[in-house]
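Here the structure is laid out as structure tokens; the discussion comes afterwards.
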Amino acid sequence: MIELFSRHVILPSNIRNCVWNYTIRQFSDFVKVVEVGPRDGLQNEKKILPTKVKVNFINKLSATGLRSIEVTSFVSPKWIPQMADNQQVFQQIEKRSDVSYPVLVPNLKGLESAIATDVKEIAVFGAASETFSKTNINCSIEESIRNFKVVVEEARKHGIRTRGYISCIVGCPYEGETKPATTAHLASIMLDLGCYEISLGDTIGVGSPRKIKRVLNELFHVSSNDMSYYALHCHDTYGQALMNIYMGLENDIRVFDSSVAGLGGCPYAAGASGNVATEDLLYFLEGEGLETGVDLCKIVEIGDYISKELNRTNQSKTAVAILAKKNYQKC
């Protein structure tokens, strides 16, 4: 009933997201998939796609049943040229009333651009590693907290919702293992500021189920035992992403970030592969008897499309298997 209601009645974004958060908490067999390919995926790909292709990519994703698609990043083109057309992309995509289109915002300047583009939802970020924070955003952890506080508070004045990202929750390419307490510290501040959800990033994909469990145990107390405030954002460098996601499910996490065709990587971590592929995540969740509302066949087609546009190999094992089967049946 809740799904039917939110599909056919146009609601303000804040009410719509409250409905979906309620859905996730009440029905443990529903899992929300947050597609991050257009932002986190493309910004780490070497080839810069034309705006028209990005818009087509996002429009295709909007028609799959996804509820949240992270579309771009309002950052300096000097540092991330792949996102230089952020305003054009956001303005040109076909926005559906039942889909959220968040953008990443690193600072007030980025927020000002997002506001001018009529963005309704943003994401801010911090890292659980001092060295990674200084390398990635040129400031310490505490400095990053002061920076994103200002952004979140200003966004609230404009009625813009905020999601929080925490990078390196398990390990850092410079410091090795990171402390769960640091992740908990950042999460606590983000929740106090009013972030509706915190995405926990295994940025370089070094996590294992035991390590993920340690982090989640620490966070369990931060949110008064309510794990619906958290999402997992797993990279698949060592092939552990789905195992880590299973650990998340076992600990009441019901939101997961993923990227079609496994797009992306981490420019600050040598050898770090992309996000867990949306195709692989959907196949896994469906196999576990969980509902996502996302059409796997459409996602496979989109992953194939964007991989060809990027001249890259599709990193999704599920997609490769399904596409091979289709091609065999055509012979």
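Quick notes on this one:
- Treating r as the C-beta distance of ALA116 and ASN311 and R0 as 35 Å, the FRET efficiency rounds to 0.55.
- Straight-line cross-link reach from LYS47 at under 17 Å between alpha-carbon atoms covers these aspartates and glutamates, not counting any fewer than eight positions away in the same chain: ASP85, ASP304, GLU309.
- Rounded FRET efficiency, nearest 0.05, which uses the C-beta distance separating ASN327 from GLU250 and R0 of 30 Å: 0.25
- Net charge of Cβ neighbours under 9 Å - reference ASN275; Lys, Arg +1; Asp, Glu -1: -3
- Candidates per GluC sites (Glu not before Pro) in region 78-178, loop by DSSP, up to 12 other Cβ within 10 Å: GLU94
- Using a cut-off of 21 Å between Cα atoms, the listed pairs LYS120/LYS149; LYS95/LYS298; LYS32/LYS325; LYS78/LYS179 include LYS32/LYS325; LYS78/LYS179 as exceeding that distance.
- Fraction of antiparallel bridges per DSSP, the chain only, in percent to nearest 5: 10
- Comparing TYR196, SER68, ILE306 along the charge dipole axis of the chain, the residue lying farthest to the positive side is ILE306, per the Cβ-charge model.
- Formal net charge of residues neighbouring ILE80 (Cβ-Cβ distance under 15 Å; K, R +1; D, E -1): +2
- Where trypsin sites (Lys or Arg not before Pro) in DSSP loops with at most 13 other Cβ within 10 Å are excluded, longest remaining stretch of the chain: 79-331
- Based on Cα contacts under 8 Å between residues 6+ apart, the chain shows a relative contact order of 17 percent.
- The sum of -39500 (n - 2.57) across all DSSP H runs of n ≥ 4, divided by the residue count of the chain, sets its helix-only mean residue ellipticity at 222 nm to -14000 deg cm²/dmol.
- Inter-label distance, nm, simple model (7 Å from Cα along the C-beta direction), GLN92/LYS134: 4.1
- Structure-derived Cα Rg over 2.2 N^0.38 Å - corresponding label in [x] 0.92; [y] 1.10; [z] 1.54: [x]
Any read-out appearing in this document is the output of simple, stated calculations on the displayed coordinates, not a laboratory observation. Just so we're clear, the structure is a prediction, and the values are computed from it rather than from any experiment. As a convention, Cβ positions derive from the backbone with ideal geometry for all residues, glycine included, and neighbour counts pool all protein chains shown.
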